[in-house]
Structures are given as structure tokens and as C-alpha cells.
1. Checking an interface number: how much accessible area is buried between A and D, summed over both chains, with a 1.4 Å probe, in Å² rounded to 100?
2. Run the simple label-point estimate for B:L209 and D:E197 please: 7 Å along Cα→C-beta, distance reported in nm.
3. Ignoring ligands, DNA and RNA, what percent of the 1.4 Å accessible area of the stretch C:1-146 is carbon and sulfur?
4. Using modelled amide H (1.01 Å from N, peptide plane; none on Pro or chain starts), what sits under 5 Å from the amide H of D:G135, excluding residues fewer than 5 places away?
5. Please give the FRET efficiency for C:V340 paired with B:M168, using the beta carbon to beta carbon distance and R0 = 22 Å, rounded to the nearest 0.05.
6. Which Cys in the protein assembly as shown stand alone, with every other cysteine's Cβ at 4.7 Å or more from theirs?
7. Taking chain B as a Gaussian network, Cα atoms linked when under 10 Å apart, which of B:G88, B:G59, B:G14 shows the biggest mean-square fluctuation?
8. What does the charge dipole of chain D about its Cα centre add up to, to the nearest 20 debye, if the Cβ of each Lys and Arg holds +1 and the Cβ of each Asp and Glu holds -1?
Amino acid sequence: ASLSLSAAEPLGIGRMATADEIAGWDIDVRPDGQGLPPGQGSVMNGELLYESRCASCHGSFGEGIDRWPVLAGGYDTLTLERPTKTVGSYWPYASTLWDYIYRAMPFSAPRSLSVDETYAVSAYVLYLNDIVDDDFVLTQGNLARIEMPNREGFFVDNRPDSPNTRCMQECARPDQLEMVGTIGGITPVGHFRADVDAPAASHDAQKSLED
Amino acid sequence: ASLSLSAAEPLGIGRMATADEIAGWDIDVRPDGQGLPPGQGSVMNGELLYESRCASCHGSFGEGIDRWPVLAGGYDTLTLERPTKTVGSYWPYASTLWDYIYRAMPFSAPRSLSVDETYAVSAYVLYLNDIVDDDFVLTQGNLARIEMPNREGFFVDNRPDSPNTRCMQECARPDQLEMVGTIGGITPVGHFRADVDAPAASHDAQKSLED
Amino acid sequence: AAAASGVAVAASVNTDNLPPNEPSWSRQLGHGVVDSPYGMPSTYEQHVVRRTVPWLTAESISSISMTPLADLKGIITPNGLVFERYHAGVPLINPDEHRLILHGLVERPLIFTMDDLMRFPSASEIKFIECPANGGMEWKGAQMEALQFTHGMLSCCEWTGVPLRVLLQEAGVKPEGKWILAEGADGAHMSRSIPLEKALDDTLVVYAQNGERLRPEQGYPLRLINPGWEGNTSIKWLRRLEVGDQPWYHREETSKYTDLLANGKARKFSFVQEANSVITHPCPEKPIRQSGFIEIEGLAWSGRGHIKQVDISFDGGVSWVPAQLKGLVLPKALTRFSLVTRWEGQTWLLQARAMDETGYVQPTLKQLREVRGTNSIYHKNSIHTWKVAANGEVTNVQIT
Amino acid sequence: AAAASGVAVAASVNTDNLPPNEPSWSRQLGHGVVDSPYGMPSTYEQHVVRRTVPWLTAESISSISMTPLADLKGIITPNGLVFERYHAGVPLINPDEHRLILHGLVERPLIFTMDDLMRFPSASEIKFIECPANGGMEWKGAQMEALQFTHGMLSCCEWTGVPLRVLLQEAGVKPEGKWILAEGADGAHMSRSIPLEKALDDTLVVYAQNGERLRPEQGYPLRLINPGWEGNTSIKWLRRLEVGDQPWYHREETSKYTDLLANGKARKFSFVQEANSVITHPCPEKPIRQSGFIEIEGLAWSGRGHIKQVDISFDGGVSWVPAQLKGLVLPKALTRFSLVTRWEGQTWLLQARAMDETGYVQPTLKQLREVRGTNSIYHKNSIHTWKVAANGEVTNVQIT
Ligand code: HEC
Ligand code: HEC
Ligand SMILES: [Ca+2]
Ligand SMILES: [Ca+2]
Ligand SMILES: [Ca+2]
Ligand SMILES: [Ca+2]
Ligand SMILES: [Ca+2]
Ligand SMILES: [Ca+2]
Ligand SMILES: [Co+2]
Ligand SMILES: [Co+2]
């Protein structure tokens, strides 16, 4: 298929994108460091930035305020009943952190961080996760070399992995079926059940309920 | 198909409709008079009713006010370039008149006429069309016998009636094609053309334009 | 690519939002979920609405509005844009207080609540619905300056309901039963006679359109759909079905919805919407703005079944080339056709011509007028012509 | 018919509107055409809306709302009810100022306006879209008390756009090109890596849904649709496509949308939504209200193609009977199944089990948990169980 792709006659729709146009939007970064702009940031500079622009949601130690995401800790929890998946405990590559912060954080002001600020705050999140020391300076040159604890933790989709067969009769032993009911009261059902005390069906409605 | 219809086992959904329930809604009337309730109304009584409840839209002579429907006249116009299709000139059966008035007129108060009032006003519309005399009394018994002028004017669908073939080449002589343009200015096009004075796209908007 | 075709920056475009800049909407948060529990189109799409031609009717209560076909894609018409046609306005019906009575020549006269009807096995079908007056303003000459008005009394939805056959089976039709009267609960008590044969074939008693319950304008809570037949027979706000041994000849099948020919005789019970088609791009609302590659696109449909072929003419019907059908090709449903070509400023007399599975070929305007005259009002399915000017503007013309 | 099943007159019913009486709405005129240029559902349907479960997310801006499947018919989800999922709220984008850049390992980096994109030949496809977290709240146990919350991160529309293949052809992909990064213009700048193979197969760059332009919540003016794949890959508010030689491992394909197994290892690039099904009638929102005839109805879907078979169990999976597929059976689209039977107050443990064209059979919860543990979050497509009580009430249970 890729042969015919380049061989075919273009229809002539759209126009060439200029290098300048592309540069402004081409913000993605890969594990091998491709896409990282020149720049740098220290854990120390990162701390100040983090405290002022991140900690209100993610907590001073990356512990997460209320239901906002936890960013640090959780080592060796991936096999527990309630794992804590964080940058440190779960993420395979440091590039993802830089890329994500630069494209999406802080939540309410995406794309407001400069390149150097992104290096700094990324360094600080790595520091919160004990991945770098407090005197570390993150740069275009060293980011791809950072080894994340869970870098070997992933494997490519190998489904179907849970085979069933189209059995029609005696597919289970009736006496071995165990039926577990619903934990009640935590989903909005007021629109079809009159007898329950349940959450509202939107965040706004739930908030005004609780106020 | 009709055999299997009555043979099949009912699913048991819904319930028997009572005779009373059906009677209240069973308002339809057919050319043979089936469905006509007992009752009567004279042209004379019809005139009073018509003047008070119908003439404001349809005109005292059934001539139609503004764009409201014309109810009378139009004889021998069906082959003209602009035919006038009325109860008298076009409708094949008198039953249709009774049925329609009883189900739908007067426009803003449907089902407000009594049975006798419907006979009377129907008689009057027939009178306006010179189909009955001024001393006529329309009844359950005589309505089906009224002969409408255009009763032979209809034939059952015989399409396809306008054969074309899938010609691909030289299907017409280019020098014989005549192209006729659009009568401009009478459709709402203001939403995609800036250069025109056109009607609005709703009755309300058009009315406020004209006011 | 494309030296000829630049990104046309209209005067109103704020270049701050163009690359390399980060647009304003990318630098802030948008609204959250359930902000609209029932969503609506973008405010930038406010021109995509139903429209009417006010002078067509005395007022809006018994009138028609048209679907903006030029802005629609695929074959589904979104519910908010399905054309409107009714004779006494849209009633607001409480579904708990709505009833359907099925009586007449049946073994068991029945009455159903909406809950009852929804207990029957349901069927869902994608079918077009078209007013037989669609295009009818153009029998004597071209006067509608937009696709929305030449062909917009046309929509296509996925309808869900009970096959009327199943309800008739439940009531048990007597052998004498040959026709059915369907009646609405609106002020017009709209009524039509439908042959039993159709009712046993594919008529649906419908309560949902495009997944959700019927819209008020389309008959909420209950309507008939007679697939492929003139829209008027698909009685909305359906409250009663009576089985009889002959048709009723009501106002909507005598005074209206009969087709007057030049000789003064009129065709009655002209139910089927014969094969028809129209080019939706380009069209008056969507002129050609750039030279080069162009996809000529349009809709074809037939009340007799599948569309089999659509041909395109660029020269007013002298020569024709086959178009491709694309997407789903379903019986009695809108069907998309397409032809890719190039436009370099030449003038076109653009036409589409549909053929359906019966071999019926959509007629020319001349053929139709020869047989039917110009007073027929209904069922004008002749080949339609758009004139494409050298500047790409498109106008409605007729070729005679 | 039906001694057992009467017309249930609820307390609120006004008998003045029941036959033999003429209902109030039949004795007056309703509203006229273009009263709503863009129509809305009846006020009696105000309960049919999207809903969320507030505690699932910190706030509504990065959250999800679910489609009210219990109230829907057929396979099309009306646009107003398509589920919402986004990470930085819904941006309000001016389509004239929106651009798509296609660059990276291509011969000709290109930039497109919306007008440009709509000049390409279009394709329309009915496809489901599902969040891979659909049902994910139930890995550890049943907690969602309604169909809307157990399965409502699921919708199905007719999508129209340009095959991504066509755009790639326009740009000319270099031989090294193997993956594509797709990126949104929302505040999250949502990004996912997509194998070129998929892009050349059936990925669509979409600008319309169910006929009209995309809704803001679904990516207006432009989005990707990766048919059959987890919804998150179908990037909304699409602004950029970069061709590369390897995947990007962005946040949404590492931190999120990877499936953690019991052994601490996680599956990555788990794109396909495997075959799944759910019974939509009866369900918690639609209990059985009358004994006698009943149609068990539901939806099945598979990201690998057509649904081939659905079976129903009444006894929690001990024995199974085949259901019928009804309506359109399209690849990677919602598919309706149906089984008619009788209910006379017996209790049921009701299950549906889908099989797709590859022969894949939907697993039991036990089978899924054995292989995946309970921390997988995503791709929970196990057989679902409704408990039908003797009074007809339906509750969500799990069989282990
Ligand atoms: C107003 C609250 C808020 C602030 C301030 C904020 N974040 Fe976040 N952050 C979030 C939310 C919400 C998410 C999850 C977004 C989603 O749902 O996709 C998130 C996600 C993240 C994640 C990914 C977590 C994961 O496990 O996938 C990282 C890393 C992160 N934020 C870093 C930062 C940094 C660095 C800053 C400051 C520069 C910051 N955030 C500021 C709310 C916030
Ligand atoms: C407020 C205006 C109005 C009043 C008052 C009114 N009508 Fe009408 N009438 C109409 C309209 C509008 C129509 C066409 C309705 C439609 O579009 O289906 C009509 C249609 C008719 C027709 C059918 C015309 C045709 O050619 O098909 C008849 C017959 C008729 N009216 C009789 C009456 C009678 C009798 C009365 C009084 C009892 C009456 N009307 C009162 C507005 C009115
Ligand atoms: Ca890049
Ligand atoms: Ca510190
Ligand atoms: Ca009768
Ligand atoms: Ca007089
Ligand atoms: Ca059903
Ligand atoms: Ca196109
Ligand atoms: Co007809
Ligand atoms: Co996945």
C-alpha cells in the first residue's frame, strides 16, 4: 500500500505548509528525544515553579489534592490490589513527562510554560519521584538518557487473550454460580427510581446538592 | 397474506377497545355514506353558520380571503392554464366535504361543530357551488346520493407514464436545448447571497420585514 | 501540492489563531460534560436550519419547511433538520394520554397505549420521506433559487416501530378488509386511505427516529411510515387505524394529492415517489470556489426500491457519464452518488439522472410535461439542471 | 386480546384526553413551521439526556458523560445524546480559523482549511465509538445501577469525512513512515500514535456526524475516527498529523490507556474494542411491567468487524439460546439483537454473549479476570448480567 501512496498523482488540494507554520505546532517529543527543543531547567528552579503553578492540584509532594492526579510515589504497588500509578511508578519514558507538561499543563493554562520552565518543572517532578537528585539540571541532551523505573513494564497488545467458546448447554455448574449484587447508592438513579438517595447526574448538580 | 393474518396467535398486547371508545373517535365518512351520523341541516341554517364561522377566511361566496382556500366556483377551469379547483369544480364526492368539515373546520377550532351544524354548513357550501338549491336540507339519508360535477374526473394511478431511457450519447440536439432561468427574488436566499432583496425564511420573519 | 489553490483567508479571519500561533481555544479550558445534557450544533452552524418560503401558504400553521440539503452529508438527516409539513400545527401530545385504536373489519378491535406498542417486537429501517409536492413549484418554470427550496421537502432517518402487519395480525383482519384509514390526533385529524397490501408489506407504526423518540414535528409520540410513498400518507400523531373494504376518498386524496393532467382528468392514489435525484455539490448554496479537482456529489432515491445507477451530464443532457454510488445503498433510502473531475472555469449545464432497480429512468422535464401538463403540483421528479457559470456561481435553470 | 395486559392508566393521566373524548391537542392548532428552525425533542422526553457520575472525576472539564442507551432504538445515536469524553473541556473553534497540518515523513507537508478538506472525495460510514473505559468501573465488582452507567460510553453515528489514506496520498508518505501522531487543538492537545497500517485501512478524517457538521463535544470542526478502536485514538478537534518511524509514547498511551495486569506488567497499544454486548430491554431503567409476551433486546458490537451471532442466557450462563440479529448488520457498528419469549414472573439471570466474524466469543467475567486481574481499567468486555426479580425489577449483578 505504501508504494501506491507516494506514486499517486496529488489532487492538488490544500497548499504546502511552511516550516514556520509547522514549527509553531510541532510540539511532540519522543522517547529518543526527537522533538525536544534546546533548553534546560534545574530541579531547584522547578521547585519554585511547581509550588506556584502545580502544587495547588497535585500537592507539594506530588501526592494529589482531592481527586487531582497523584504524580509521585507508588513504587512497587503495581501488583497490589490498589496500585498507585505515577510518573515514577508507572511511566516508561521521561520524554512523556516533558511532552505532556508542555502540551497540557498547567491544566487551566495549557501552553503557558516556556521551554526552560518545562525542563525545570519536569526535572522537579522527576526529583519528587526520586529519579534525579536535587542538583540535577534537565536538558535537551540528557532527557532521553534518563532511565525510568518501569521502562520494562509494558508489552504490545497480544489479544485475544481470554478465550471463550460458544457453549450452548451445561456451560457452567448452577451450584457453583456465585451472584454478587451492586454496591448501591453511588450512581445517579433518581430519574427512574423514587426510593433512593443517590448522587446527581452532573458535577454542577452534585455540587449544589452538597452545598 | 390475509389468511395468515387471522390465523396467527395474538401476542396479547393491548386490550379490546370498547364500542364507546371507538364511537368517540370513529368520525370518518365514505362516499357511500358509511360513517354519517343521523342528523340534518338546511342551506338556510348553514348560511348563518357559514357567515359567522367560515366566511372570515373563505369569503362570503367561498371566493377565499387573501391566500385562504377558495371553496366555490371554478367550473370548467380544469383544463385552463390556471385551474380553480374547488369543492364544486374538482371534488368527486359530497361525503368528503362533510367528513373534512367535521374533522378539521373551522381551522382554529376543529371538532367544534355539532353533527347538525356540519350538515347545515356542508349544505351551504354545496349551495355556494350551485350543487343544491337554497331550500335544500342535507341529511344522513340523501348525502351519498348527491352527484358532484367532477365525479368522473379521476383515474387510478397508472404510472410509470413518462418513459425515459438510459441514453449516454447524443441524447438531445444541442442546438435545440432551450435554457430558461429562474424568476428571481421570490425565495429566501439572504443566508448565502448578499446582493439580493428576497423574502425571509419564515412567516414570522417575513411579517416583521413587511411591517 | 496545489499552487493554484491557496488557503483562502477571509477578511474576518483572526491570524492570531493561525499557525505558527497557538489559537485562543488551545490555550484555555472549554466547557465540561453535561453542560448540555442534550447537545446542540456549534454556534458557527447557525445558518444550517430549516427554512420556508412564506408566500407558499397563508400562514405557518398549515405549511412546510425544507431541509438544508446543501449542508448535509451522508444519508442520515439529523432530527433537528427533518423537513416539516402539517396542516394544523404541531400538537404537544402527552404520551401517557395518547392512544391508538385499531378497529373496523377486524376480529378484535384493540386499543394501545404507547407502552403497549413498545412491547411489540420492533423493527428499524433507514427510509427517506418526501413530500410529493417537492419540486412542485417548478412545473411551470424555475423559480426556486436554492437547493433547499427546489428539493428540500426530503429527509432520511432510521425509523423504529412496529410493522403494521404485526398489529393487524394482533387484531385479525377479516377477509373483506382491503383498505385502511389512518388518522392523526392533530387538529387536522389528517386522514388517508392505504391499501391493505402496503400495510402488509412494509408500513411501520413508528415511535422513534434516529435512535430517539419521534420529534414533535414528525408525529410524537406515534406516526405511520409508508416507505417510498408520498409523505402525506405517513400519518403523524397517529391515533386511529380503521380497516374497511374500500377507500374513504377524504380531502387529502381528492382535493389534494391528486394530480391534475392537461386534459382535466386527475390521477388518484398516486402513492409512489418515483426515482429522483439532485446534485447537492455544487449547487446555488455551494458554488465552486476553486478551480481544479472537484467532487460532484448528490442524492438519489426511489420509492420503488434500490437506486441502481446515476448518470451525470455536463451539457444539459446531450451526453452522460456514469457516477459512482457510495456508502450504503438501501431500498427506499437516500443514496449518495459521486463523480470526481476537474473544473477550470468552464460553464456547465449540470444534471443527474437516476435509474432504480425496476429499470425506471428519471424523465426529462420535457417528457414529464408532455404527459402531465403543468398543473399536476405533485410528483415532479424530472431531471434537474444547475447552471454553473464561469465564475463558479450556480443557478437553477430549466432545459426545455 | 390480552386479558392479563390492560392499558395501565397512571395516576397523572387526564381522562379527558382519552377516548371517547377528543383530546385537548386535537381541538386546537399547534405551533407552525420554523417555530424551531433547528428542532428539539418533545418536552415529555426531558429525561432522555446524557448523564455523568460526578465522583468519577475531579471536575466536569476532564470527564465523561454517558449515552442513555435504555431509551434509544435502532443503531443510530442522535447527535445530542452521543457520549462526551474530553480532557480539557469542549473548545469553541471558529471553523474558518481552524487548520490541519500534515507533515513529518512526507514528500509534501500540507496545510488544509476546512474548505480544502471538504473538497476531497468524501466517505460516509456508520461506526460505533466507545471509550475503552466503558464498563471499567466494574472490574472489582458491580457498582453501577443503570445501563446508562454500565455501558453508556458508547454511541454509533454515520460519520462523513475524507479517508486518511487520501490525505496521506496527497502528501506522499516516505518509505520510513510507519506511525502517525494525531493531535487535537483543545487545551489538552490530546495526542495518540496510530500505526500507518490503520491509517491506510479505514481511518477517517471526519467533519460530519449523522448528516450535519460535527457537534462541538465530538470535535467540531474536525476529528479522527478510527473505526472499532478505543475512542481515545479518534482525536477530536484534530489540528495536526505527523508521520514518523516509531510511536511517541505520549501520556495517553503510557500513563493512560495501557492495561495493567495482576503481575504488574501492562499491555500497550491495545487499540481494538473486542466484541461486546448488552441487553437494553429489560434493564434497570426499563423493568418488566407486564407479564406475557416480551422482546428481549440489546446491542452488540465488535471492533474486529461484523457481529455474527448473539446468544442469550436466562440462567446466568448455564444454558444459551440464539438470538436474532435485526436491522442493519454493519462492520464495527452497533448491531441490534432480539429474542421474543414470555415472562410470567420468573426470576432471570439475563445475559447476552456476542460472537464476531473472526469467531471471537465474548468472555465471561471470570475468564477476563483470570487473565487480566482487576486493575486493567480498560477493555472490560465481559458478559454482563441483569437480575430480573419476580416483580420485574432489574438490577446489575455479577456472576463469579
Ligand atoms: C487546576 C489543576 C491543575 C494544575 C494547576 C496542574 N495540573 Fe497537572 N493535571 C491536572 C489534571 C485534571 C490532570 C489530568 C488531566 C486529564 O484528565 O487528562 C493533570 C495531569 C497531570 C499529569 C499527568 C498525570 C498522570 O498520571 O497521567 C502531570 C504529569 C501533570 N498534570 C503535571 C502538572 C504540572 C507539572 C503542573 C504545573 C506546571 C500541573 N500539572 C498543574 C490538574 C492540574
Ligand atoms: C381561520 C381560517 C379558517 C376558517 C375560519 C375556516 N377555514 Fe376552512 N380552511 C382553512 C385553511 C387554512 C384550510 C386548508 C387547511 C390545510 O392546509 O390543510 C381550509 C380548508 C377548508 C376546506 C378544504 C378546501 C380544499 O379545497 O381542500 C373546506 C371545505 C373548508 N375549509 C371549509 C370550512 C368551513 C365549512 C368553515 C367553517 C365551519 C371553515 N372552513 C372555516 C381556513 C379556515
Ligand atoms: Ca514532531
Ligand atoms: Ca522541596
Ligand atoms: Ca369508520
Ligand atoms: Ca346568501
Ligand atoms: Ca420492543
Ligand atoms: Ca466532497
Ligand atoms: Co400522489
Ligand atoms: Co487500549
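1. Numbers: alone 16000 and 18860 Å², together 26230 Å².
That pair of chains buries around 8600 Å² in total.
2. 5.9 nm
3. Details: 2100 of 4210 Å².
Looking at the stretch C:1-146 in its full context, I get 50 percent from C and S.
4. For D:G135, whose amide H was placed from the backbone, the distant partners under 5 Å are D:M153.
5. Numbers: r = 19 Å, r/R0 = 0.85.
The pair C:V340/B:M168 has a calculated efficiency of 0.75.
6. Within the protein assembly as shown, the cysteines lacking a partner Cβ under 4.7 Å are A:C54, A:C57, B:C54, B:C57, C:C131, C:C156, C:C157, C:C283, D:C131, D:C156, D:C157, D:C283.
7. In this elastic network of chain B, the residue with the biggest mean-square fluctuation among B:G88, B:G59, B:G14 is B:G14.
8. Numbers: 40 positive and 43 negative charges, 158 e Å.
Result for chain D is approximately 760 debye, rounded to the nearest 20.
The values are calculated or read from the model by the stated rules, or taken from the named source; none is laboratory data. The shown structure was predicted, so the numbers you read here are calculated from the model rather than taken from an experiment. In this analysis, Cβ positions are derived from the backbone assuming ideal geometry, glycine residues included, and neighbour counts consider all displayed protein chains. Quick note on the areas: whole protein, heavy atoms, side chains included, nothing else; ligands and nucleic acids left out. Shrake-Rupley method; radii C 1.70, N 1.55, O 1.52, S 1.80 Å.
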